[in-house]
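Structure, as structure tokens:
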């Protein structure tokens, strides 16, 4: 296991990582998803000299009912299909969550339906309010994300109301 900033990944490691993510998401990982995973810290698990699991923590600005929060946003959590069910997801999530707890007000992520149980067992909580985005046209509700946006509270913040994220291309959450 190692943690490395995007700036310190070699071109070969980036290519290897993208291959792992494409395989793990079975074609459901696009260029926007890739861009969302860059610019922060990458927790990498390796086996046989190859990357087999990954989780990225990138900084995002969130508002909880108008209160600004520094969020460690969890992106691109994946284990190569050949290495699943061997504890790699737990290992990369343990380190990613340690980073979030040490450096941010809150952790946040958007979970697929298949992953909600994993995150709930680890202490992530479905945001109990609604979600929105600060779009180029102003704040906009994101009701389709209300049932997939999870948070890992770190600071004492109220878990209620509207959770608003900064805008980005592709999936905003």
request  = Test residue 5 against the stated conditions and say whether it is modelled with pLDDT of 95 or more, buried (at least 21 other Cβ atoms within 10 Å of the Cβ) and either within 20 Å of residue 119 (Cβ to Cβ) or touching a strand residue (DSSP E or B) at 6+ places or on another chain (Cβ under 9 Å) (or both).
outcome  = no
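Is there a residue being in contact (Cβ under 8 Å) with a residue 40 or more places away in the chain, over 15 Å from the mean Cα position of the chain (by Cα) and at positive phi anywhere in segment 11-21?
Of the residues in segment 11-21, the ones in contact (Cβ under 8 Å) with a residue 40 or more places away in the chain are 20-21.
Subset that is over 15 Å from the mean Cα position of the chain (by Cα): 20.
Filter once more, keeping what is at positive phi: none.
No; the residues of segment 11-21 include none that is in contact (Cβ under 8 Å) with a residue 40 or more places away in the chain, over 15 Å from the mean Cα position of the chain (by Cα) and at positive phi.
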remark   = Cβ pairs under 6 Å, 6+ apart or interchain, first in segment 48-68 and without any contact (Cβ under 8 Å) to a residue 60 or more places away in the chain and at negative phi, second assigned to a loop (DSSP other than H, G, I, E, B) and surrounded by 12 or more Cβ atoms within 10 Å (Cβ to Cβ), ordered by first then second residue, are 52/80; 56/40; 57/40; 58/39; 58/40
Matching residues in segment 131-173 - criterion: being over 19 Å from the mean Cα position of the chain (by Cα), free of Cβ contacts under 8 Å to residues at least 12 places away in the same chain and either exposed (fewer than 12 other Cβ atoms within 10 Å of the Cβ) or under 23 Å from residue 34 (Cα atoms) (or both) = 137, 138, 156
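Residues are listed down the side, and each one gets a yes or a no for (1) under 13 Å from the mean Cα position of the chain (by Cα); (2) surrounded by fewer than 18 Cβ atoms within 10 Å (Cβ to Cβ); (3) without any contact (Cβ under 8 Å) to a residue 60 or more places away in the chain:
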| residue | (1), (2), (3) |
| --- | --- |
| 1 | no, yes, no |
| 23 | no, yes, yes |
| 27 | no, yes, yes |
| 30 | no, yes, no |
| 33 | yes, yes, no |
| 36 | yes, no, no |
| 43 | yes, no, yes |
task = Can you confirm whether segment 36-53 contains a residue that is at pLDDT 95 or above, within 29 Å of residue 167 (Cβ to Cβ) and part of a helix (DSSP H, G or I)?
result = yes
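The values are calculated or read from the model by the stated rules, or taken from the named source; none is laboratory data. The shown structure was predicted, so the numbers you read here are calculated from the model rather than taken from an experiment. Every residue, glycine among them, receives a Cβ derived from its backbone with ideal geometry; neighbour counts consider all protein chains shown.
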